[in-house]
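Read the structure below first, then the notes.
The values are calculated or read from the model by the stated rules, or taken from the named source; none is laboratory data. Predicted model, so just to flag it, every value in this text is computed and none were measured. Every residue, glycine as well, gets a Cβ built from its backbone with ideal geometry; the counts of neighbours run over all protein chains shown. Only protein heavy atoms, including side chains, enter the accessible area calculation; ligands, DNA and RNA are left aside. Shrake-Rupley method; radii C 1.70, N 1.55, O 1.52, S 1.80 Å.
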Amino acid sequence: PPVVEELPAFYVRQSNQNSYQVSADYVYDPDGDPLVFKPIVSEMPEGSNLTSQGLFTWSPSRNQFASLKGAPVYLAFIVQDQPEKAEVRGRLKVAQT
């Protein structure tokens, strides 16, 4: 299965399109198999997106941004290797700048 190490925090700004590319330095497959990222929709903030290549984008609203001040959000996602489809969960800490 893929390996997911602890990712660096993702610091977002209000009213901006914030992007975070999950790095192969932190998420990889020991066999070198291609990876597919899958969002866990129930844990994604409204308006955010995670592509199958591991690009997370989000433009937090004023309220969403304000809620990050007291408590960062942890976004869970699934990484799946191809073609075996072995899966592992990862998470990304999202906080205010």
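Just to verify a result, which residue in the stretch 21-41, among those that are touching a residue at least 40 places away in the same chain (Cβ under 8 Å) and part of a strand (DSSP E or B), is farthest from Pro83 (Cα to Cα)?
Out of the qualifying residues, it is Val27.
For residues that are under 16 Å from Val79 (Cα atoms) and part of a loop (DSSP other than H, G, I, E, B), scanning just the stretch 42-61, find the one that is least open to solvent (accessible area, probe 1.4 Å).
For the stretch 42-61, the residue satisfying everything is Gly54.
Identify all residues within the stretch 74-97 that are surrounded by 13 or more Cβ atoms within 10 Å (Cβ to Cβ) and either over 11 Å from the mean Cα position of the chain (by Cα) or free of Cβ contacts under 8 Å to residues at least 12 places away in the same chain (or both); write none if there are none. It would help to see each step written out before you state the result.
First, pick out the residues of the stretch 74-97 that are surrounded by 13 or more Cβ atoms within 10 Å (Cβ to Cβ): 75-81, 86-88, 90-96.
Answer for the stretch 74-97, where residues must be surrounded by 13 or more Cβ atoms within 10 Å (Cβ to Cβ) and either over 11 Å from the mean Cα position of the chain (by Cα) or free of Cβ contacts under 8 Å to residues at least 12 places away in the same chain (or both): Gln80, Asp81, Ala86, Glu87, Val88, Ala95, Gln96.
Among Gln64, Gln17, which is over 15 Å from Arg91 (Cα atoms) and either surrounded by 15 or more Cβ atoms within 10 Å (Cβ to Cβ) or under 10 Å from the mean Cα position of the chain (by Cα) (or both)?
Values: Gln17 fails: either surrounded by 15 or more Cβ atoms within 10 Å (Cβ to Cβ) or under 10 Å from the mean Cα position of the chain (by Cα) (or both).
After applying the criteria, what remains is Gln64.
Considering each residue of the stretch 1-14, count those that are within 16 Å of Phe56 (Cβ to Cβ) and either open to solvent by less than 70 Å² (accessible area, probe 1.4 Å) or polar (S, T, N, Q) (or both), and give that number.
6
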